[in-house]
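Participant: So that we are looking at the same thing, I have put the structure below in structure tokens.
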Amino acid sequence: MAKAKNSKKSNKMWGGRFDARPSDIMQQINVSIDVDSRLWPQDIALSKAHAEMLGRQKILSKKDADAIVSGLGKIEKELQNGTFPFRAEFEDIHMNIEARLRELIGDAAGRLHTARSRNDQVATSFRMWVRDAARDLISEIESFQATIKKLSQKHAKHIMPGYTHLQPAQPVTLGRHLDAYWHMLNRDKTRLEDCAKRLNKCPLGSAALAGTPFPIDREFTAKKLGFDRPMQNTMDAVSARDFANEFLFACAQCGLHLSRLAEEIIIWSTPSFGFVSLSDQWSTGSSIMPQKKNPDSAELVRGKTGRLAGNLISMMTIMKGLPLTYNRDMQEDKPPVFDSYDTIKLCLQVMNGAIGSAKFNTAKMLQDSEDGYTTATALADWLVMELGLPFRDAHHITGTIVKMAEKKGCKLSELALKDMQSVERRITKDIFRVLKI
Ligand code: ARG
């Protein structure tokens, strides 16, 4: 992007009371166009709605309002086909668009900013962006959920060891294990739905902080931009960013879930487990060890969770202790939000592809379920249900039987009935029903 042209003159947008321009270094910290250019679709829609409202309310002449709306249409085309001249001297996307409007339609452009401020403008367009991003992520999550649902149905009857402490605990099915992730993702989805719903009130019309004396119609612009209604308190409207925090948390939490799944894939694909193998498309090799096939897709997803959590912390730290209302610190709100959106979207797509094409070794899973005495809890439950023992006693008896199997180096189901009866004489051969996987 072009460097700020440092003309001798003060800034055209706000420089009336200034004699000198900002220093080059000040320009560097001031400019945000490289980041916030992504807000252009929202800013154009906002400005069109605002201009239309100003015309309807007779705050602008119909002629000026029409000229503004059609000029914005031309700018929209330029932005779509990549010919829009982004210029750092105009700081951010909002002023770049307004400056371009002046070039295209002349002085009428100067009337667009009637009854609004960049503070309500940026708060509104950012809310719209986050709302769109949340909706997009929801459909990304749904698509991954569909992949998981298919797999968990396919593996509904395939037995594997279930773990606690990463020690074999009880036999489960691969279907149920995968289905757990479907439910985690479902909560991630509803968190994003909540976030998009709660943020959907419109700051526009709050102007800088105190509202505006012009007879604006906030209901009209709110509806036009897809909001449920205007935000009530103008000071809250321009300074609130908790919607961004919520979005960042939803992204971080979803990333955290993906990271746990990634970790399982990584463990399961070591030869020692041998439960899964990722397809070549989602693995990489080693430059020195020719035999290696590494689950880098899953490792990268696990790693990206760090930045998702970091973005949430950044945003909360930026907002902490800011007095009402708008403070320039808040310009730093966009990088973490944009980055979290890009990151979680990529991670969802990667996991969808990697898991969807992975091969699960259900024979190895079944074989491992036989190790580790994973039916011991079933044995204890049998003692309670069939013999009426208190669970604590049943637990103790079962422990003794496990120790016996361990000594003999056999599975629980391979013990002789009379050996078990030497521990608890009332055990019958019905016990074998629950000892088998
Ligand atoms: N680009 C700024 C932001 O994203 C908006 C600027 C509002 N500036 C101001 N001085 N009121 O926060």
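The values are calculated or read from the model by the stated rules, or taken from the named source; none is laboratory data. Keep in mind the model is a prediction, meaning the values are calculated, not measured. For neighbour counting, all protein chains shown are included, and Cβ atoms are generated from backbone atoms with ideal geometry for every residue, glycine included.
Participant: Kindly provide the set of residues from segment 209-221 that are within 31 Å of the chain's Cα centre (by Cα) and surrounded by fewer than 16 Cβ atoms within 10 Å (Cβ to Cβ), ordered by number.
Facilitator: Glu219
Participant: Tell me the helices (runs of 4 or more DSSP H) entirely within segment 203-299 that contain at least 2 residues that are free of Cβ contacts under 8 Å to residues at least 60 places away in the same chain and more than 16 Å from the ligand (Cβ to nearest atom).
Facilitator: Once the helices (runs of 4 or more DSSP H) in segment 203-299 are filtered for at least 2 residues that are free of Cβ contacts under 8 Å to residues at least 60 places away in the same chain and more than 16 Å from the ligand (Cβ to nearest atom), what remains is 218-224, 242-268.
Participant: Is it the case that some residue within segment 37-48 is within 16 Å of the ligand (Cβ to nearest atom), over 19 Å from Thr221 (Cβ atoms), assigned to a helix (DSSP H, G or I) and at pLDDT 95 or above?
Facilitator: yes
Participant: If a residue must be assigned to a helix (DSSP H, G or I) and buried (at least 18 other Cβ atoms within 10 Å of the Cβ), how many such residues does segment 56-68 contain?
Facilitator: 4
Participant: What are the pairs with Cβ atoms under 9 angstrom where one residue, in segment 317-328, is farther than 17 Å from Asp236 by Cβ and the other, located anywhere, is assigned to a helix (DSSP H, G or I)? Sequence gap at least six, or different chains.
Facilitator: Within 9 Å, the pairs are Ile318/Asp329; Ile318/Met330; Ile318/Glu332; Ile318/Asp333; Ile318/Pro336; Arg328/Asn30.
Participant: Could I ask something else about it? Working carefully through the options Ala134, Ala123, find the one that is more than 10 Å from the ligand (Cβ to nearest atom), touching a residue at least 40 places away in the same chain (Cβ under 8 Å) and assigned to a helix (DSSP H, G or I).
Facilitator: Result of the check over Ala134, Ala123: Ala134.
Participant: How many residues are surrounded by 14 or more Cβ atoms within 10 Å (Cβ to Cβ) and within 25 Å of Ile159 (Cα to Cα) if we restrict to segment 413-431?
Facilitator: Qualifying residue count for the region: 3.
Participant: Are any residues in segment 264-285 surrounded by 15 or more Cβ atoms within 10 Å (Cβ to Cβ) and of a type in the set (D, E, K, R), and if so, which ones?
Facilitator: Glu264, the sole residue that qualifies.
Participant: Out of all the residues in segment 382-394, which are assigned to a helix (DSSP H, G or I), surrounded by fewer than 18 Cβ atoms within 10 Å (Cβ to Cβ) and out of contact with any Phe, Trp or Tyr (no Cβ under 8 Å at 6 or more places or on another chain)?
Facilitator: Selection gives Met385, Glu386, Leu387, Phe391, Arg392, Asp393.
Participant: Sticking with this structure for a sec: Would you mention how many residues in segment 406-421 are closer than 14 Å to Lys436 by Cα and under 48 Å from the mean Cα position of the chain (by Cα)?
Facilitator: So the count comes out to 4.
Participant: Give me a count of the residues in segment 14-34 that are within 13 Å of the ligand (Cβ to nearest atom) and crowded, with 17+ Cβ neighbours inside 10 Å.
Facilitator: 4
Participant: Continuing with this model, one more query. If Gly175 satisfies all but one of (1) without any contact (Cβ under 8 Å) to a residue 40 or more places away in the chain; (2) not in a helix (DSSP H, G or I), what's the number of the condition it fails?
Facilitator: (2)
Participant: Let me ask you something else. What are the residues in segment 321-360 that are over 27 Å from Asp136 (Cβ atoms), crowded, with 18+ Cβ neighbours inside 10 Å and away from the ligand (no atom under 12 Å from the Cβ), if any?
Facilitator: Phe360
Participant: For segment 347-366, check the following and say yes or no: at least one residue is over 30 Å from Ser283 (Cα atoms), modelled with pLDDT of 95 or more, among the β-branched types (Val, Ile, Thr) and in a helix (DSSP H, G or I).
Facilitator: The answer is no, given that none of the residues of segment 347-366 is over 30 Å from Ser283 (Cα atoms), modelled with pLDDT of 95 or more, among the β-branched types (Val, Ile, Thr) and in a helix (DSSP H, G or I).
Participant: Mind checking which pairs have a first residue in segment 375-399 that is over 14 Å from Arg425 (Cα atoms) and a second that is small (Gly, Ala, Ser) and modelled with pLDDT of 95 or more, Cβ under 6 Å, 6 or more apart or different chains?
Facilitator: Filtered contacts from segment 375-399: Ala380/Ala394; Val384/Ala394; His395/Ala380.
Participant: I would also like to ask the following. Is at least one residue of segment 181-191 part of a helix (DSSP H, G or I) and in contact with a strand residue (DSSP E or B) (Cβ under 7 Å, 6 or more places away or on another chain)?
Facilitator: No: zero hits.
Participant: Could you tell me whether any residue of segment 163-172 is part of a helix (DSSP H, G or I) and of a type in the set (A, V, I, L, M, F, W, C)?
Facilitator: Looking through segment 163-172, none of the residues is part of a helix (DSSP H, G or I) and of a type in the set (A, V, I, L, M, F, W, C).
Participant: If Phe86 satisfies all but one of (1) assigned to a loop (DSSP other than H, G, I, E, B); (2) away from the ligand (no atom under 16 Å from the Cβ), what's the number of the condition it fails?
Facilitator: The failed condition is (2).
Participant: Could you check, for segment 125-133, whether at least one of its residues is within 32 Å of the chain's Cα centre (by Cα), exposed (fewer than 15 other Cβ atoms within 10 Å of the Cβ) and under 30 Å from Val350 (Cα atoms)?
Facilitator: No, the conditions are met nowhere in segment 125-133.
Participant: Checking the condition more than 19 Å from Met128 (Cβ to Cβ), away from the ligand (no atom under 14 Å from the Cβ), buried (at least 20 other Cβ atoms within 10 Å of the Cβ) and not acidic (Asp, Glu), which residue from Gly110, Gly71, Gly106 passes?
Facilitator: Selected residue: Gly71, the only one of Gly110, Gly71, Gly106 that is more than 19 Å from Met128 (Cβ to Cβ), away from the ligand (no atom under 14 Å from the Cβ), buried (at least 20 other Cβ atoms within 10 Å of the Cβ) and not acidic (Asp, Glu).
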